[in-house]
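**Q** Quick one: this structure, given as structure tokens, is what I'll be asking you about.
The values are calculated or read from the model by the stated rules, or taken from the named source; none is laboratory data. From a predicted model like this one, the values you see are computed outputs, not experimental measurements. Glycine gets a Cβ as well: all are built from the backbone with ideal geometry, and neighbour counts include every protein chain shown. When the accessible area is computed, the model is the full protein with side chains, heavy atoms only, and any ligands, DNA or RNA have been set aside. Shrake-Rupley method; radii C 1.70, N 1.55, O 1.52, S 1.80 Å.
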Amino acid sequence: MTRLFDWLNRVGTALASCLFVAAGAMLTYEVIARYFFTKPTSWAAELSQMCLIWGALLAMASLLSKRQHIQVDAVVQLLPGHVVRWVDMLVLMVVGIFSGVVTWYGFEIFYDSFIRGRTTGSMLNIPIWIVELAVPVGFFMLTLQCVYEIKRTLFRVVSPAEGVSS
């Protein structure tokens, strides 16, 4: 199971990285086309926005696995190691529950747009479900990662001498 989570995180991170690079390239092209050649594109802003949304949501689970999300831990650092473990698990449970709820409702929104055939209403008129699908996919991956991290935190060995996990 560990390999599966690691593989999913690597794939999500690689895709997110590619999407961020693509968004940067599209926006750079748009700036050059608009300001140097007075020929703005009809697609760069919308497609780069889609890349940024997908990239950010795909990267969430990988960031959690590396504990790279923003966290306020000034008080937590003052606690003994065994208490830190329980605080960590509590935070992971809250994030996991929140992610599960967002996954559920995000899927409903995606599915409704898919069935109704909603589009962006822009010049490209792209089906909006393409962007909306990023929410349930990204948050489902985050929910799974939370469950995995809770399991890892629960069975992590704490050194009594140092009060920190090993």
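**Q** Hey, what do the phi angles of the stretch 39-45 turn into as Karplus ³J(HN,Hα) couplings, whole Hz, using 6.51/-1.76/1.60 and θ = phi - 60°, x for Gly and Pro?
**A** Ordered by residue, 3J(HN,Hα) equals 10, x, 8, 9, 10, 4, 5 Hz.
**Q** Roughly what angle does helix 2-35 make with the longest principal axis of the chain, taking Cα atoms, 0 to 90 degrees, to the nearest 10?
**A** For 2-35 against the chain, the angle is about 30 degrees.
**Q** Using the crude model of +1 on Lys and Arg Cβ and -1 on Asp and Glu Cβ, and no other charge, please compute the dipole size for the chain relative to its Cα centre, in debye to 20.
**A** Approximately 240 debye in magnitude.
**Q** Dividing the Cα radius of gyration by the Kirkwood radius, what Rg/Rh value follows for the stretch 1-96?
**A** Expressed as Rg/Rh, it is 1.20.
**Q** Just the number please: accessible area per residue for the chain, 1.4 Å probe, all protein chains included, in Å².
**A** About 65 Å² of surface per residue is accessible.
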